[in-house]
Amino acid sequence: MQPPKLLKHPAIHTNQNELLHYFHDLAHLSLVTFSTTPAGIRDALMRMAMTSNSASSSALLHAMLAYSSLHHYGMSEAALKFKVQALHLLSTSAEDGQLSLVNASQHVAASMLLGSFETLRPSESSGEWLWHIWGAVDVIQATQLSDHSSESEIYALIDWVNYHHTLSRFSTQHWRHKALAQKVFGQRIQRSDRAATAQLSIYKPVGLLREQCGV
């Protein structure tokens, strides 16, 4: 797959275009997948990020920029800004109400990239990657995205989420996030499956956004 003509996207500047080409060429190789290849996930993510100018597609775009910047340069002000903007856009997307199939896929993809961002800078005290993975699972369940898994991109996305969800359950049950897991999974059981998407998600983009901004 050749990199898409990213400069035609109105939200992308030259330095961001360079980061997206870096993601296409190198950064995607660090994405941890199972049956789907990193290149398969890369191609799906880049197509979804360029599909529209919605809040969810912009969230995916900024999550991709954050991941690429962190992978290329290490933690920097630019990487953090991209991450915070992605969180802000995810919050906007969740507040918009019912998510379409395309928007839900973009929302899930952005959450997964933010989770991958956190695993690039592991910290003994940080369980933030768990919230992103669980948030992706919540959106899949709330929008019944799995019913459309016959579509190749959605299948690859859900396969990616399921793999990391399994890893997250192992981590929370066997290591230092066990107390958090017990609390969160208990909340999940009590939730109604028919609640609105914004209410369904344990993942709190606004809360994570406030933590990053120190407010």
When S68 is run through (1) crowded, with 24+ Cβ neighbours inside 10 Å; (2) more than 13 Å from L120 (Cβ to Cβ), the failure sits at (2)
Cβ pairs under 6 Å, 6+ apart, first in region 143-155 and under 21 Å from P38 (Cβ atoms), second not polar (S, T, N, Q):
S149/Y155; S149/I158; E153/A44; I154/H148
Go through L99, L90, L114 for me and flag whichever is farther than 20 Å from Q16 by Cα, touching a helix residue (DSSP H, G or I) at 6+ places or on another chain (Cβ under 6 Å) and crowded, with 21+ Cβ neighbours inside 10 Å.
L99
Those residues that are farther than 24 Å from G74 by Cβ, among the hydrophobic types (A, V, I, L, M, F, W, C) and crowded, with 17+ Cβ neighbours inside 10 Å, I need them from region 20-52; list them, please.
A44, M48, M50
Can you confirm whether region 108-117 contains a residue that is assigned to a helix (DSSP H, G or I), farther than 21 Å from H62 by Cα and among the aromatic types (F, W, Y)?
no
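The numbers here are math on the coordinates, done by the rules we state, and not lab data. None of these values were measured; they are calculated from a predicted model. Backbone-built Cβ (ideal geometry, glycine too); neighbour counts: all protein chains shown.
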